[in-house]
1. Among all residue pairs at least 6 apart or on different chains, which show Cβ distances below 6 Å where the first residue, located in the range 119-130, is under 27 Å from VAL60 (Cα atoms) and the second is more than 16 Å from the ligand (Cβ to nearest atom) and of a type outside the set (A, V, I, L, M, F, W, C)?
2. Which members of the range 57-90 meet the condition of being under 19 Å from ILE198 (Cβ atoms) and either near the ligand (Cβ under 7 Å from one of its atoms) or under 14 Å from the mean Cα position of the chain (by Cα) (or both)?
3. Would you check which residues across the range 254-270 are open to solvent by less than 80 Å² (accessible area, probe 1.4 Å) and either part of a loop (DSSP other than H, G, I, E, B) or outside the structural domain of ILE189 (by TED's automatic domain parsing) (or both) and list them?
4. When you go through (1) under 20 Å from ASP28 (Cα atoms); (2) in a loop (DSSP other than H, G, I, E, B) one by one for ALA349, which number turns out not to apply?
5. Quick one: ALA99 ticks every box in (1) assigned to a helix (DSSP H, G or I); (2) within 11 Å of the ligand (Cβ to nearest atom); (3) closer than 29 Å to LEU348 by Cβ bar one, so which box is it?
6. Looking at (1) within 16 Å of the ligand (Cβ to nearest atom); (2) surrounded by fewer than 13 Cβ atoms within 10 Å (Cβ to Cβ), can you tell me which one ILE198 breaks?
7. Given (1) within 11 Å of the ligand (Cβ to nearest atom); (2) within 16 Å of ILE151 (Cα to Cα), identify the lone condition not met by GLU327.
Amino acid sequence: MPHFPPDSVPDAAPQTTPARPASETLYDLLVIGAGPTGLSCAIEAQRAGLRVVLVDKGCVCNSLFHYPSHMTFFTTSELLEIGDIPFPSPNAKPTRNEALEYYRHVAAHYKLDVRQYQRVERVAGSNGNFSVHIVDRFGRQGILLARKLAISTGYYDLPNYMNIPGEELSKVHHYYDDPHPYFGTDVLIIGGKNSAAIAALELWRHGARVTLVHRGAEIHRHVKYWIKPDIENRIKNGEIAAYFDSSVTEIAPDSVTLEISDSRLVLPNDFVFAMTGYRPDFSFLESMGIRFEGADCLPICNPETLESNVPGIYLAGVIVAGSRTNEIFIENGRFHGRQIAQALMLSLAAHK
Ligand SMILES: Cc1cc2nc3c(=O)[nH]c(=O)nc-3n(C[C@H](O)[C@H](O)[C@H](O)COP(=O)(O)OP(=O)(O)OC[C@H]3O[C@@H](n4cnc5c(N)ncnc54)[C@H](O)[C@@H]3O)c2cc1C
């Protein structure tokens, strides 16, 4: 992710000796990931009387914080609510900043124990007695102990790379943020779904010369009904150049090469936004013993309780749908917390 604070967690392999002693507290539930789903898991478990701690490698709602600065949600505010706290908004659809303020307010209201800037590196132990190995942004290590785990790590940290020459150049971005730096420049957008359409429109409206390349035959049919005609009309008017049934084969410092049918086209280019989607960190889940099924990498999990194939580890939010990241949103993932809390109550009562 491009915007970690400068002193964020390094990628270095964890040391074998924890710099800090293990906490003595045995939590009933440790939630990994303090996005909307993780917060809702913690709230529901806490309401059920459980002792809960949340851990996030970034800030509260770290993924939302890294969404485009001026974004507006597709969803009306009441469908983003968690913990029965109303989300009032003067807008038909709330902005990113309103959502961040709302979720901060909810976390404070429920006095959630959120450990920010603590990345979970590894989980050891088993049902009833898990050790969660964390590392903070200074590389210091620690351990938290919990009887049960809920994992709600989302999908926004790992872009789907195209694996083409030049993708590693600093002018290539997999996250779109703000249009201002791209005024008067040649920008290529790769993709044909919502994120690509929104970035193309916003960049064009702020003075960038925008070209869109999509391997499909047209703008994707799932693009929101208020965005689709806008992007299609800009393309029809020639305000945004677009190449469909096309792909990018190479990115160079001053140009991009496109493959259109059987021909090649080289365009001058300053910046590239590859809006090619994101995927959950399957290897993180796998490291805990979670198994997957089918081409969509659906994690094995009981649909009633959301307990995975590893007893005591529950899955929540978008990761439940594997690589089908367009199936679970905040809108529906926010109810996973209640499901997990109910299952936890039964399980913990049975083992008292
Ligand atoms: C641009 C955009 C617009 C969207 N608009 C909408 C909308 O209008 N309505 C809607 O319902 N949905 C929308 N979505 C989808 C929605 O935001 C996601 O489905 C939702 O955020 C998923 O929530 P989550 O809690 O499961 O995961 P996330 O919100 O991604 O939270 C996961 C958290 O886990 C943390 N984490 C990850 N790995 C670790 C680790 N190893 N250790 C510690 N912490 C970790 C991350 O830092 C993050 O804070 C949108 C998505 C995008 C990209």
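The values are calculated or read from the model by the stated rules, or taken from the named source; none is laboratory data. Quick caveat: nothing in here was measured; it's all calculated off a predicted structure. Note that each Cβ is placed from the backbone with ideal geometry, even for glycine, and that neighbours are counted across all protein chains shown. All accessible areas refer to the heavy atoms of the entire protein, side chains included, with ligands and DNA or RNA removed. Shrake-Rupley method; radii C 1.70, N 1.55, O 1.52, S 1.80 Å.
1. ASN127/PRO311; ASN127/GLY312; GLY128/ARG147
2. Correct list: SER63, LEU64, PHE65, HIS66, TYR67, PRO68, MET71, PHE73, PHE74, THR75, LEU80.
3. Within the range 254-270, ASN269, ASP270 qualify.
4. All conditions are met except number (2).
5. All conditions are met except number (3).
6. (2)
7. All conditions are met except number (2).
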